[in-house]
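Asker: Before anything else, here's the structure in question.
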Amino acid sequence: MTTAIRSEVLPDIPSLSDFLSGYEASFWVGLGAPRNTPVEIVGKLNREINAALDDSKMKARLAELGGTALAGSPADFGKLIANETDKWGKVVKFSGAKPE
C-alpha cells in the first residue's frame, strides 16, 4: 500500500508510510473542463459529481475497487494538481531522467 493511510479494503496491510515517514503515492482521477467554461456550469458539475461521490452505493463500489472518493471544490482540485505536479517534478529531476 503506497497511500498515506491504510486501505479500508485491506486494513491489516500496513501502508508504506508506516515505515517511511511522509511517503505517499496514490492514483487519482478527476474531471476537467475547458478554460473558459462558465462558472455556473463548473459549479453545477461540481455539485453533481460531489453528490454522486457521496452516494452510499458509489462509495461501496469504489471501496470494492480499493478506491476512496475525494470530493471537493474546483479550487481543491487545482491545488491537488499543483501539489502533485510539484512533488513528482522533484522526483523526476532528482532521478536524472531525460526524455528520449
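None of the figures in this text is laboratory data; all of them are computed from the coordinates on show. Nothing here was measured: the structure is a model prediction, and the numbers come from that model. For neighbour counting, all protein chains shown are included, and Cβ atoms are generated from backbone atoms with ideal geometry for every residue, glycine included.
Asker: Pairs please, first residue from the range 12-32 and in contact (Cβ under 8 Å) with a residue 40 or more places away in the chain, second anywhere and in a loop (DSSP other than H, G, I, E, B) and surrounded by 11 or more Cβ atoms within 10 Å (Cβ to Cβ), Cβ atoms under 8 Å, 6+ apart in sequence or on different chains.
Answerer: These pairs meet every condition: W28/L70.
Asker: I would also like to ask the following. How many residues, within the range 54-96, are under 14 Å from the mean Cα position of the chain (by Cα) and free of Cβ contacts under 8 Å to residues at least 40 places away in the same chain?
Answerer: Residues in the range 54-96 being under 14 Å from the mean Cα position of the chain (by Cα) and free of Cβ contacts under 8 Å to residues at least 40 places away in the same chain: 16 in total.
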